[in-house]
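The values are calculated or read from the model by the stated rules, or taken from the named source; none is laboratory data. As the structure is a computational prediction, the values presented were derived from the model and not from experiment. Cβ atoms come from the backbone with ideal geometry, glycine included; neighbour counts cover every protein chain shown. These area figures cover heavy atoms from the full protein model, side chains too; ligands, DNA and RNA do not enter into them. Shrake-Rupley method; radii C 1.70, N 1.55, O 1.52, S 1.80 Å.
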Amino acid sequence: MNLDSTEKGLGIFDRVLGMVEKYKIKTILKGIVITLLIAGTIGFINNPTFIFEKYKEWEDTQHKEQLEMRLQNTNKINHLLDKALYKMDVDRIILLECHNGNVGIGGLPFAKATATFEVLNEDTYPVAQQYQGVNLSLMPFASYLFEKGYWCGNTEDLKRIDKSLYHKIAGNGTEHFAACVIEGVDAPLAFMFVSFNHLEKNHDCTIIRENLRHLSLEIALLLELGKNYK
């Protein structure tokens with residue numbers, strides 16, 4: 001029984017060697033690829049919804065994974081911001097994530113930012129709703145931050161850069177203010193706004209800048225992780 005099997009195996013092996021010798025290995029591989037393509041085409045014609053169903057399943061899986069990662073990273077970012085709030089003794093920290101809005105008639109998208117995170121001390125009221133879908137063309141301070149990366153000073157000093165933002169921030173009780181860009185690998189990801197409501201506190205802009213630099217690096221990593229699932 002084993003002898004018959006061995007002889008059959010050797011016979012098949014001889015035929016395979018004969019085909020390789022006659023047609024060459026590249027020709028055989030091309031034939032296999034063409035055969036698979038034809039089989040795939042026939043399969044698609046016979047069942048055209050199969051590929052779309054599989055793509056939808058893959059898309060749903062990707063969305064679920066992205067949502068799970070977003071929720072996990074949201075908790076981590078909130079924890080980092082809470083720690084920074086008390087370490088820096090600030091009254092409010094807001095994170096505004098950059099995104100594209102609707103497309104204009106000329107075909108270019110509007111650049112916008114939306115507040116997605118806000119942490120507060122116990123005596124400060126929330127203002128994140130004032131920063132939903134903000135058109136960056138209406139915020140000259142955004143262009144300043146894109147160029148400089150960081151700003152720190154008394155709220156009154158902000159008036160020479162962006163009067164509209166000055167009035168909004170001053171109206172929320174902020175007397176000292178700092179902001180930075182959170183940079184991604186390919187493009188800016190977000191702005192971080194830090195508010196101090198009392199000038200009598202010791203505000204060292206150099207120390208604030210160093211703290212925000214470390215914090216922005218940690219947050220950038222968490223915001224960038226979602227790209228692996230796109």
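Report the calculated FRET efficiency for residue 125 and residue 209 (r = Cβ-Cβ distance, R0 = 25 Å), to the nearest 0.05.
It comes to 0.40.
State the number of lysine pairs found in the range 116-230 whose Cα atoms come within less than 27 Å, restricting to pairs 8 or more positions apart or on distinct chains.
9
With a 1.4 Å probe and every protein chain left in place, tell me how much accessible area residue 168 has, in Å² to the nearest 10.
About 70 Å², ignoring ligands and nucleic acids.
Compute the label zone of residue 160 within the range 128-145: residues whose backbone N is under 19 Å from the point 7 Å along Cα-to-Cβ.
140-145
Taking the Cβ of residue 133 as the center, what net charge do the other residues with Cβ under 14 Å away carry, scoring Lys and Arg +1 and Asp and Glu -1?
0
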